[in-house]
Amino acid sequence: MFQTVTGALVLLIAALAGYRRSFARPGWPQGIRFFFLTGTQFLLIGLALGEHFLGLLDRPTIERLGPVFSLGLGYFGLIFGLQLEFEKVLRFPLQFLSSMFIQAGITFLFVFTLFFWLFHQLDGSPAVFIPALAIGAVACCSSPTIVALLVRETKPVKCAGIDLIRYIAGLDTILGFTLFAAAACLVHTSPPPLGPACLPGLQWMVLSIAFGMGMGYLLHLLTQTHCGENELWVFIIGIIIFSGGVSLFFDLSPLFVTMVAGITAANLPGSKDRVFMAIFRQEKPFHIVFLILAGAVWQPGLVSGLVLAGFYLFSRTAGKICGGLVAASWLPLRFQVSPLIGLGLLSQSGVAIAMAMDLYLSGSGSNPDLLVAMLISAVLVNELFSPAMARRFLAGSRGETA
Amino acid sequence: MSNDSATGMELLVIVVKTHHQVEEILTGFLELGIRGATVADVRGMGQIISMEIPIFTGFKSLFPGWGTDTHMILSVVDAASRQKAVEVGREVCGDFSSPGSGILFTLPINHAEGLSEEIG
């Protein structure tokens with residue numbers, strides 16, 4: 001008990017102190033500065049606090065911090081979903097949306113195919129389909145952080161190519177979360193209570209969507225009444241914890257369920273902007289807590305994790321580049337876009353970490369320790385080289401016009 | 001309605017950080033009989049030059065003004081109401097001495113047209 005309280009306090013202090021101190025490194029070389037600006041160093045802090053070094057956040061402590069996980073995963077899903085007002089998504093040309101699905105879909109296929117083949121060679125069981133699906137789902141997501149930082153720092157000429165890459169990086173997580181939820185649902189071999197005895201995975205998926213929509217509608221109803229900031233927070237936290245907790249209890253993906261809740265609330269009339277602003281202010285502390293927790297469960301000594309990370313990085317990078325190439329050359333865009341658009345979409349950062357932790361908790365993979373080790377190692381390497389790649393894309397985008 | 005500086009009208013400007021504070025201040029104004037105020041969503045210098053880095057909110061960051069929740073309340077008040085209106089601002093935001101708690105100031109108005117009559 002004492003260690004759980006100490007662990008929770010360490011997390012709280014690190015999140016609050018890190019939130020204030022870690023997101024400004026003005027004078028450092030760009031590669032290192034971006035590594036710090038994305039907060040990736042907190043993975044290493046988590047590793048130091050974990051069982052391999054200080055032991056403050058060992059396995060039993062992390063297991064007892066389960067509500068923090070359901071809160072965090074639910075938070076990330078909700079804040080992502082709350083952005084997605086259909087009217088705003090469709091304010092951009094439809095080709096933007098098609099580009100997003102094409103590049104994310106191709107990346108998924110690259111990574112899924114390689115890992116399915118690899119796991120099948122190692123295991124031979126058809127059940128390897130599920131972890132391969134989950135890894136493919138993580139791979140198709142991009143982080144908008146690096147592109148936003150580079151656009152801010154280099155101030156490239158305003159062009160539609162940059163809007164396109166920011167649009168894709170901001171939205172391709174939809175496909176990732178959905179495929180990821182499908183992987184979690186396919187783990188179920190029996191249908192939900194009262195469900196017919198066929199297609200249990202599909203039934204759990206439908207249940208995930210229905211539950212998310214219900215939670216979104218409940219959030220909408222609760223925020224219709226005139227309430228103060230504190231009451232609003234109680235409503236939001238209540239919805240997040242309940243949705244996240246129920247999802248974890250039934251081995252569903254909290255990220256997906258709360259994303260659906262967020263999308264539902266965002267597309268109903270009401271004070272969604274107020275809800276978004278209330279939770280947006282806490283995005284970085286939550287992100288830091290998750291990075292630390294992910295670092296604490298990370299087992300960097302797993303050689304097989306490092307080998308798989310190499311496969312993951314290779315297939316994901318190839319998928320992003322090919323996906324971007326196909327989207328840039330096949331779609332009838334009204335402007336020229338660099339075929340290297342995939343280089344700007346390599347960063348993963350917090351999105352991949354949240355999904356890795358979801359994987360760790362929901363058991364969509366048969367060996368969560370190995371999958372988490374692979375994803376965290378890949379993210380660390382990825383965050384070191386993705387800024388240079390994104391910079392290359394931006395440099396090639398200067399001549400493009402809308 | 002037309003007023004010159006001799007009438008003693010002042011522009012009260014309050015910059016606050018949350019929508020909730022705006023509602024509290026406007027409710028306080030109504031209780032004082034001040035029924036006219038304009039509220040604008042604004043961005044402070046710190047919000048513009050600081051590194052606002054999207055982690056999960058990349059799509060929202062495509063739209064101007066995302067991630068800001070600062071509001072400016074503008075109200076033309078007479079000398080009698082000014083001090084009470086300032087007190088309302090202090091009640092809601094504190095004494096404005098701590099950083100980030102908000103800003104309050106008044107300016108004399110030389111000429112004004114189109115102002116509403118105060119309630120009561």
| If you take the beta carbon distance between A:ALA17 and A:ALA197 as r and set R0 to 35 Å, what does 1/(1 + (r/R0)^6) give as a FRET efficiency, to the nearest 0.05? | 0.10
| request: Provide the FRET efficiency to the nearest 0.05 for the B:GLU87-B:ASN110 pair, computing r from the beta carbons and using R0 = 30 Å. | output: 0.70
| Taking the simple approach of a point 7 Å from Cα along Cα-to-Cβ for both B:GLU23 and A:THR113, what is their distance in nm? | 5.4 nm
| note | Counting sequence-distant residues (5 or more places) and residues on other chains, those with an amide H built under 5 Å from that of A:GLN336 are A:THR401
| Between rounded, prolate and oblate, where does the protein assembly as shown land on the alpha carbon gyration tensor, with a ≥ b ≥ c its root eigenvalues, rounded for a/c under 1.5, else prolate if a/b exceeds b/c? | prolate
| said: Take the residue pairs A:LYS88/A:LYS320; A:LYS284/A:LYS320; A:LYS272/B:LYS60; A:LYS272/B:LYS17 and return only those whose Cα atoms are more than 22 Å apart. | reply: A:LYS88/A:LYS320; A:LYS284/A:LYS320
| message | At R0 = 25 Å, how high is the FRET efficiency between A:ILE237 and A:PHE86 if r is their beta carbon distance? Nearest 0.05 is fine. | response | 0.40
| request: Return A:THR61, B:THR27, A:THR38 ranked ascending by Cβ neighbour count within 10 Å, so the fewest neighbours appear first. | output: B:THR27, A:THR61, A:THR38
| Label-point separation, A:TRP330 to B:ASP41 (7 Å along Cα→Cβ), nm | 3.8 nm
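Here, each number is a calculation from the coordinates, and none is a lab measurement. Values in this document were obtained by computation on a predicted structure and should not be read as measured data. Neighbour counts are summed over all protein chains in view; Cβ atoms, including those assigned to glycine, are modelled from backbone coordinates with ideal geometry.
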